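Working notes for the structure below.
Values in this text are rule-based calculations from the coordinates and carry no lab data. In this text the structure is predicted, and so the values were computed from the model without any measurement. All Cβ positions, glycine included, derive from the backbone under ideal geometry; neighbour counts span all protein chains shown.
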Amino acid sequence: MSVIETSSSVRNDVAHLAGDIERLEMIFENWDETPRGAVKAYGLAIEALNGEALRRLVGALKRDPAALAAMKSAVTDEVVYAVLRRHGIIKPSLTERVEAALESIRPMLASHGGDVELVSIAPPTIEVRFTGACDGCPASQLTFHAGVKKAVEDSCPEITDILQVKGTGATSGDGESVRFISPFALGAGGKWHLAAKLQDIPDGGIKADIVDGEKILLSRRGSLVTCFQNACAHLGLALDDGDVDAGIITCPYHGFRYDLASGECLTAPAVQLQPHAVRVIGNRVEVRLQK
Ligand code: FES
């Protein structure tokens with residue numbers, strides 16, 4: 001069979017057309033430099049000619065409202081769209097730009113074992129969800145604001161409302177629904193320890209505990225539970241005698257303040273509380289310790 005399949009078949013979808021080009025490029029790669037350079041220049045010249053013709057055609061169509069409407073309809077065709085995009089004649093769609101923005105921060109998220117996915121787009125609003133180790137991680141609020149929000153807002157100014165969807169729909173090994181996972185857990189080893197019953201942690205408050213020899217500080221807002229090492233980032237003293245107000249705990253010793261949802265230190269932003277993984281199954285609050 002020829003490396004070019006499209007002329008003898010009806011398989012004119014983008015994947016096969018692109019496959020033809022890739023197969024030819026692989027052949028050219030093995031050619032000597034001179035013929036390889038010549039065929040590349042030939043391809044670029046043809047592309048430039050086609051691009052210029054398409055630009056003039058689109059320019060003419062835009063001047064006629066009826067033709068413009070027909071062109072917009074035609075652009076929904078994947079091949080038309082792909083070629084016009086390749087020549088830079090139409091702008092990337094909003095979805096493409098949002099996905100590109102998310103892609104730009106994926107290396108940073110991947111370095112923490114996590115990822116982010118686009119849930120929905122309804123301008124001016126999009127919804128995103130963290131997955132993997134970023135899902136529910138106490139530091140994800142920071143990640144969300146510093147990373148995802150900025151990346152999307154920079155490249156998609158028409159998006160002004162970026163919402164973080166929580167919850168994974170995950171289940172525990174025994175099939176019970178997991179309402180919340182704070183999971184550095186997914187990337188960390190070690191076993192889950194029962195730390196408390198959900199009702200033992202006051203809603204809007206904290207509970208100190210010792211699990212597997214580690215002093216921990218649990219906090220709860222509704223069914224959202226977070227867990228940190230019970231040690232202030234200032235001098236390492238226990239925080240559980242601190243005042244809690246609207247999700248903020250104030251260290252009883254020198255007044256450092258922490259956001260209990262993320263562990264962020266509001267007094268000295270360079271430091272934060274050491275988080276532990278948390279999951280809530282039924283009314284069991286389990287933690288996996290970061291040692
Ligand atoms: S030990 Fe907490 S502020 Fe100093």
- With 32 Å as the limit, write out which pairs from LYS62/LYS149; LYS40/LYS91; LYS149/LYS197 have Cα-Cα distances beyond it, or answer none. LYS62/LYS149; LYS149/LYS197
- Item | Dipole magnitude of the range 178-288, debye to nearest 20 (Cβ charges: Lys/Arg +1, Asp/Glu -1, about Cα centre) | 420
- What are the residues whose amide H is under 5 Å from the amide H of THR267, where those residues sit 5 or more places off or on another chain and H is modelled from the backbone? ARG257
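Two-decimal Rg/Rh of the range 8-111 from alpha-carbon positions, Kirkwood Rh?
1.06
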- Quick one: Kirkwood hydrodynamic radius for the range 178-288, alpha-carbon pairs, angstrom, one decimal? 13.8
- Give a quick list of trypsin sites (Lys or Arg not before Pro) in the range 186-243 that DSSP marks as loop, anything other than H, G, I, E or B, with at most 10 other Cβ atoms within 10 Å. LYS191
